[in-house]
1. Out of everything in the stretch 15-65 that is surrounded by 13 or more Cβ atoms within 10 Å (Cβ to Cβ) and among the polar types (S, T, N, Q), what residue ends up being farthest from residue 5 (Cα to Cα)?
2. Quickly run through the stretch 66-98 and pick out the residues that are free of Cβ contacts under 8 Å to residues at least 40 places away in the same chain, open to solvent by less than 90 Å² (accessible area, probe 1.4 Å) and in a helix (DSSP H, G or I).
3. List the number of the failed condition for residue 140; all other conditions in (1) touching a residue at least 40 places away in the same chain (Cβ under 8 Å); (2) in a loop (DSSP other than H, G, I, E, B); (3) not charged (D, E, K, R) hold.
4. From (1) among the hydrophobic types (A, V, I, L, M, F, W, C); (2) surrounded by 14 or more Cβ atoms within 10 Å (Cβ to Cβ); (3) under 21 Å from residue 22 (Cα atoms), pick out the condition that doesn't hold for residue 127.
5. What pairs come out if I take residues in the stretch 5-18 that are over 13 Å from residue 35 (Cα atoms) and pair them with residues that are part of a loop (DSSP other than H, G, I, E, B) whose C-beta lies under 8 Å away, six or more apart or interchain?
6. Residues of the stretch 15-41 being part of a helix (DSSP H, G or I) and either hydroxyl-bearing (Ser, Thr, Tyr) or out of contact with any helix residue (DSSP H, G or I) (no Cβ under 8 Å at 6 or more places or on another chain) (or both), which ones?
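The values are calculated or read from the model by the stated rules, or taken from the named source; none is laboratory data. As the structure is a prediction and not an experimental result, all values here were calculated from the model. Neighbour counts are summed over all protein chains in view; Cβ atoms, including those assigned to glycine, are modelled from backbone coordinates with ideal geometry. Heavy atoms of the whole protein, side chains included, go into the accessibility calculation; ligands, DNA and RNA do not. Shrake-Rupley method; radii C 1.70, N 1.55, O 1.52, S 1.80 Å.
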Amino acid sequence: MRDLYPPGERTRVRVTGLDQPLEGASRPGHFEGVATVVLKFLNVVAPDLLWLGQKDAQQARLLEQMVSDLLLPVEVRRGPTVREPDGLARSSRNAYLTAEQRAQAVALPRGLEAAWAALGRGERSAARLRTRVRRVWREFPKVREDYIAVVDPQTLEPLKTVVVQNMRSMSNWILRKG
């Protein structure tokens with residue numbers, strides 16, 4: 001760790017505009033830390049490819065922008081979200097959940113599935129899609145909303161209406177339960 005963060009180190013990387021909405025609003029400075037450590041790793045390892053998980057869509061978008069802006073010689077690709085049998089995204093962080101928290105956490109994929117199904121039936125209103133998610137979450141009494149957002153996948157700006165280009169891609173959706 002000392003190699004990555006030597007004493008006296010003062011430099012940080014911030015991708016403005018993509019670091020403050022959504023997850024960034026709840027975790028100020030988080031994406032600055034992510035961008036900084038990823039840039040350090042890219043400089044040390046010098047890979048040809050940087051694979052990012054779609055599960056962390058805001059983080060992936062932010063790192064794509066960083067690579068582009070800083071003209072880094074690496075190609076960025078996104079891997080699909082891998083899910084557990086109950087629909088929860090596979091994540092090392094899930095190991096920290098208690099059994100009760102884990103049972104409540106399935107609210108996220110179920111809410112997402114409800115919104116996705118509505119989208120498939122022709123719903124295009126972002127407000128109504130968010131309402132679909134909230135209805136599902138009401139079935140899980142311990143779930144507390146941090147945010148639900150339907151955003152442009154490039155700018156992360158909120159959308160009022162969803163334009164579907166590819167029903168297979170979930171890149172128009174960034175949903176999070178806090």
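1. Only one residue tops the list, namely 54.
2. 67, 68, 94, 95
3. Residue 140 satisfies all of (1) touching a residue at least 40 places away in the same chain (Cβ under 8 Å); (2) in a loop (DSSP other than H, G, I, E, B); (3) not charged (D, E, K, R) except (1).
4. With respect to (1) among the hydrophobic types (A, V, I, L, M, F, W, C); (2) surrounded by 14 or more Cβ atoms within 10 Å (Cβ to Cβ); (3) under 21 Å from residue 22 (Cα atoms), residue 127 is out only on (2).
5. These pairs meet every condition: 17/155; 17/156.
6. Residues satisfying the conditions are 25, 26, 32, 33, 36, 37, 40, 41.
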